[in-house]
Each structure stands twice: as structure tokens, then as C-alpha cells.
1. Go through region 124-136 residue by residue and turn each phi into a ³J(HN,Hα) via Karplus (6.51, -1.76, 1.60, θ = phi - 60°); whole Hz please, and just put x for glycine and proline.
2. Whose amide H sits under 5 Å from the amide H of HIS257, counting only residues 5 or more places off or on another chain, with H placed in the peptide plane?
3. Describe numerically, in nm with one decimal, the distance between label points set 7 Å from Cα along Cα→Cβ at LYS140 and at ALA218.
4. Pop a pseudo-label 7 angstrom from the Cα along the beta-carbon direction at both ASP100 and SER253 and give the gap in nm to one decimal.
5. As a quick test, which of the pairs LYS140/LYS200; LYS78/LYS219; LYS141/LYS200; LYS52/LYS189 have an alpha carbon distance above 31 angstrom in this structure?
6. Over the alpha-carbon set of region 149-253, work out the extent along each principal axis and list the three values in angstrom, largest first.
7. From the alpha carbon gyration tensor of region 144-194, can you work out the equivalent ellipsoid semi-axes (sqrt of 5 times each eigenvalue) and give them in Å, largest to smallest?
8. Report the Cα-based extents of region 76-157 along its three principal axes, largest first, to the nearest Å.
Amino acid sequence: MISIKSAGTRLLATLAVGAAAGATLLVPSTAQAAGTATAAVPAVLKSGEYLKPGQYRRSSNGMYTLIMQTDGNAVLYKGRTALWATVTNRKASSLIMKRDGNLVVVSGRTTIWASNTAGNTGAFLAVQDDSNLVIYNSRKKPVWYRHMVIGTLGSGRALQVYDMLFSTSRVFRLQMQTDGNLVMVKNGKTPVWSTRTVSKGAFAVMQTDGNLVVYSAAKRPLWSSKTVRKGAVLQMRNDGRLVIVYGRTAIWSTSAH
């Protein structure tokens with residue numbers, strides 16, 4: 001089992017990712033456990049299983065609930081406190097643990113959020129007693145957990161303290177440090193780029209207007225990419241470049257490493 005502490009990602013008890021990004025968060029008191037009795041809610045979403053609106057999974061100790069909300073947002077709660085969210089807001093969406101190992105939120109036939117973990121046939125999602133949300137492959141090795149973003153940070157999404165954006169190769173990662181510096185690291189130990197910001201509790205946002213911004217805990221801007229393209233996204237590429245992409249056009253980039 002991969003835990004928050006073993007991954008170096010201690011829980012921030014007040015974290016509410018979805019709310020910070022403008023998503024609606026709902027208390028899972030009226031949810032239904034995907035066709036199972038509420039007294040025995042499973043903690044695992046198996047390969048090929050899905051959660052329809054209002055359905056959920058719950059940790060074995062009963063403290064943490066992952067619910068597919070009716071507003072289209074999949075949210076992990078501790079009681080009434082939101083810990084993590086897909087920040088998706090299309091009504092009637094479903095959360096699916098695909099047989100290829102990719103966890104997705106789907107609206108109709110359109111994928112609107114993905115863990116980008118395809119290639120792990122038979123993988124499953126676990127809601128753990130330590131507050132972590134983890135995808136394990138068929139050999140029970142972790143391939144994703146809730147502080148990971150793989151490949152692309154979507155428009156409107158944030159990197160809070162301890163959150164990391166990985167290249168698909170896992171060689172490079174962009175991490176939001178506790179000292180307020182947004183840092184790109186190679187092979188888990190070598191820093192190759194940073195925003196050189198210092199402010200405890202700072203966070204980074206790929207804004208919907210296309211600007212990547214590091215904010216202080218008081219929401220004061222500390223650094224930005226100075227890009228304006230509504231709907232642009234941030235990518236961590238396998239060549240070590242951090243790139244802001246609008247459609248197929250790169251509008252900002254760091255150097256390759």
C-alpha cells in the first residue's frame with residue numbers, strides 16, 4: 001500500500017481542490033454505493049467497474065468517501081471536507097476504472113478527465129484508510145495516487161503543496177514545494193528549473209485564461225508565465241520541457257533538459 005507519508009505527501013487537512021477551482025462540492029450523505037448495501041460499501045473500484053451519479057466507494061475505516069457527484073465532479077471527502085476532486089462539471093458524468101488501467105470521467109462518449117495510466121491492464125482504484133486514493137496495477141504496484149498529475153495539467157486546475165505534474169516517462173516532475181517554489185526535478189533528485197518563488201503555502205494554477213500563476217497563500221501573485229489563451233493547458237514533456245499549449249500550438253516553454 002502506498003501511503004501519503006511514504007510518498008512524501010502529508011495531508012493538508014483543509015485542502016479543498018475542487019472548491020478552489022470553482023467546482024461545486026456536495027456532502028455524500030445521500031449517495032448510493034453502486035448497487036451494494038450501505039453497511040458493506042467496497043473500498044475498491046475494480047477493473048471495468050464504474051460509478052454513476054450519486055454512487056460511491058468508501059475506505060474500510062469509513063472515514064473517506066469517493067463519490068461521483070450528480071454535478072459531474074468526482075470528489076474524495078473526509079466527512080464534509082473535500083480532499084481531492086477531478087474538477088469536472090458536466091451533469092450525468094460517470095467515473096470509470098477502464099480495463100486498460102485508465103481512470104476516467106466520461107460525459108456521454110467524451111472523456112473529460114483521465115489519470116493517464118493506460119497500459120496497466122487489470123488495474124484497480126483503492127480508497128485507502130490513510131486518506132490516499134491510489135491506482136494499483138495487476139501486480140499491486142502503485143501507478144498513480146491523488147497528488148499525481150500525469151502529462152497534462154488542465155485548464156483551471158491547481159498544484160497545491162505536495163502536488164506533482166509528471167512526464168509520462170516519469171523522468172521529469174514539476175512539484176509545488178512547501179517553501180513556495182515551483183520546481184522541475186529530473187530523476188527524482190536533480191532540480192533543472194524553478195520559478196524562484198519563496199512564500200510558505202504558495203500554490204500554482206493553470207488559469208482558464210491561459211496564464212500559469214504561482215500565488216501566495218494569501219492569493220497574491222508571485223510569478224506568472226504571462227500567457228493569455230483561454231483554455232490553454234500545461235504539459236510536462238518527456239524531453240524535460242514544461243510547455244503551455246493552446247490547441248496544438250505551444251505558446252510558452254522552458255528549455256529542454
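Quick note: the coordinates plus some simple rules give every number you see, no bench work behind them. Remember, predicted model here, so these are calculated numbers, not experimental data. Positions of Cβ are generated from backbone atoms using ideal geometry, with glycine treated the same way; all protein chains shown enter the neighbour counts.
1. Listing the rounded values in order: 9, 9, 10, 9, 9, 5, 8, 5, 8, 10, 9, 9, 10 Hz.
2. The answer is GLY240, ARG241.
3. Result for the modelled spin labels: 5.0 nm.
4. Simple spin-label model gives 2.6 nm for this pair.
5. Correct reply: LYS140/LYS200; LYS141/LYS200; LYS52/LYS189.
6. That works out to 35, 31, 18 Å along the principal axes.
7. Largest first, region 144-194 gives 16, 14, 9 Å.
8. That works out to 34, 32, 23 Å along the principal axes.
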